[in-house]
């Protein structure tokens, strides 16, 4: 669906490969391009089938996922790990919705170019500037 | 964006009253909402019959949005029909079937048709329903939808585009009553309380919960809510489900995610001489118990397809409109004077 993001210049691909190498095996990263790991107890919320970014859905019970009962509820893991790390307070902030223009791009690059902020929240690109990296379709209305 | 969900200072609601349901809750009367699940067959006569049973006794009627991820008549169409009939619907929207464009266009469409209550949820996952191969949308989660809808109330779309026809016309601020879901039976409970707080921060006005069979759990949940003071801005309506037999209870205990049905409740229904009567009695007892819980401002009756039981349950629980003191609000609404 998001195949247009595959067309990236070589230097972004290098960052992309580096980030995938580090994050996919360790966090089951989806390369959403707006990493919020640092506020979710180092557990990726995009592993949730509903891709919830603000807490568990109503079906989270006994630490199990409602959609795939054999899997753990990611938000239950986030809760436990945040408590372990002493990061409970970070769970009180509302994470904004995903900016799908960044899907499939490396967060590291986006952070470097100011497309996301320190929390991993997407920053609206400036209209007058040249559309930076990857797909910028949809910036104009 | 840096506001914390647990902050106690939340700006008071300054908008005028949007609906009859909001009037009832603002006047601190005990509110009652019911629910209609739209039919799959494209014919609204069934809805009409169900509505006749509920119109006099409930303050508002929730219309589910492809409940359990199974295709039904769309919620918006049934809401519009209820408005035509002089009813007060609560338009349920899920994030499963709509991206942010569809969510917003359905909302302003509903508003244009006279719908004044909206209830936003993330929605059951698509593999639970009749089209498991479909693509679930989940462009946003429930907190985001509430945030976005609250922004629309202020006159702006999610992108910041203003709600006005030309640059010279005034900003349009559609005033509606915004609801959210909560599940006191989910784990971990403090996180579910925090999620309610996030929804409050996002702009929710009322909360309807998953159906209750385990009252002590609701008591614990509400104690946490009251302790944090979230009930001062949010009206909590506790979900109640009267059942006809033990079978749906067993099904809910094992198959439906996010529900807790104690074994003794199932045993009680199984051992009943007259299961229907026992089901009504159990619902009435649950209502009486949750009514006593501090912070509870109403109930939400989910009857699946047993709407006929609602008047009986309310009569026995002492919650008919005249007993709740809302008859005047209802008649004022009928004469077109909701706020």
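So, R0 is 30 Å and r is the distance between the beta-carbons of residue A:11 and residue A:42; what FRET efficiency does that work out to, to 0.05?
On the way: r = 27 Å, r/R0 = 0.91.
In this case the efficiency is close to 0.65.
Distance between the pseudo-spin-label points of residue B:70 and residue A:124 (7 Å out from Cα toward the beta carbon): 4.3 nm.
Which residues among region B:303-335 fall inside the zone where the amide N is under 17 Å from a point 7 Å beyond the Cα of residue B:46, along Cα→Cβ? Hits in region B:303-335 for residue B:46 at 17 Å: B:303-309.
Taking the DSSP bridge list for the protein assembly as shown and keeping only pairs wholly inside it, about 10 percent are antiparallel. In chain A, the longest principal axis of the Cα atoms and the axis of helix A:10-27 are about 0 degrees apart.
Among A:100, A:75, A:10, A:87, which comes first, second and so on when ranked by fewest other beta-carbon atoms within 10 Å? Numbers along the way, then the final one.
On the way: A:100 19, A:75 31, A:10 6, A:87 16.
Sorted ascending by nearby Cβ count, the order is A:10, A:87, A:100, A:75.
Working from Cα positions, state the angle (0 to 90°, nearest 10) between the long axis of helix B:275-291 and the longest principal axis of chain B. Around 50 degrees separate the two axes.
Build a GNM of chain B with springs between Cα atoms under 10 Å apart, and of B:258, B:271, B:318 the one that fluctuates most is B:271. For chain A, the longest principal axis of the C-alpha atoms and the axis of helix A:74-85 are separated by about 80°. For the segment B:37-46, counting C-beta atoms of other chains within 10 Å of every residue's C-beta and taking the mean gives 0. Using r as the Cβ-Cβ distance of residue A:24 and residue A:83, and R0 as 30 Å, what FRET efficiency do you calculate, to the nearest 0.05? Working from the Cβ atoms, E equals 0.70.
Placing R0 at 35 angstrom, the Cβ-Cβ distance between residue B:84 and residue B:162 gives a FRET efficiency of 0.70 after rounding to 0.05.
Take the alpha carbon atoms of the protein assembly as shown, find their radius of gyration, then divide it by 2.2 N^0.38 Å using N residues; give the quotient.
Dividing the Cα Rg of the protein assembly as shown by 2.2 N^0.38 Å gives 1.00.
Once a ≥ b ≥ c are taken as the square roots of the eigenvalues of the Cα gyration tensor of chain B, is the result rounded (a/c under 1.5), prolate (a/b larger than b/c) or oblate (a/b not larger than b/c)? Present the calculation step by step, with values, prior to reporting the outcome.
Values: a/c = 1.38, a/b = 1.34, b/c = 1.03.
Here chain B falls in the rounded category.
Between B:229, B:86, B:160, the residue with the greatest mean-square fluctuation in the GNM of chain B (Cα pairs under 10 Å linked by springs) is B:160. Sorting B:330, B:192, B:131 by the number of Cβ atoms found within 10 Å of their own Cβ, with the fewest placed first, yields B:131, B:330, B:192.
Output the relative contact order of chain B, whole-number percent, from Cα pairs under 8 angstrom with separation of 6+ residues. List each step's numbers first, then the result.
Details: 621 pairs, mean separation 70.1, N = 339.
Rounded, it is 21 percent for chain B.
Based on DSSP, what percent of beta bridges with both residues in region B:28-334 are antiparallel, to the nearest 5?
Values: 1 of 33 bridges.
Percentage antiparallel, nearest 5: 5.
As a footprinting exposure proxy, order B:250, B:278 by other Cβ within 10 Å, with the fewest listed first. Walk me through the intermediate numbers first.
Working: B:250 14, B:278 20.
Ranking B:250, B:278 by Cβ neighbours within 10 Å, fewest first, gives B:250, B:278.
Between B:182, B:204, B:77, the GNM of chain B built on Cα springs shorter than 10 angstrom shows B:77 fluctuating the most. Remark: mean inter-chain Cβ contacts per residue of B:175-187 equal 3, using a 10 Å Cβ-Cβ cutoff to other protein chain atoms.
Per residue, what volume in Å³ does the Cα convex hull of chain A take up? The partial results should precede the final answer.
Working: hull volume 18.3 nm³, N = 141.
About 130 Å³ per residue, rounded to a whole number.
Could you pull out which residues in region B:294-312 have an amide N less than 18 Å from a spot 7 Å beyond the Cα of residue B:251, following the Cα-Cβ vector? Answer for region B:294-312: B:302-309.
A short reminder: the numbers here are calculations on the coordinates, not readings from a lab. This one's a predicted model, so the numbers in the text were calculated from it and none came from an experiment. Note: ideal-geometry Cβ built from the backbone for every residue, glycine included; neighbour counts use all protein chains shown.
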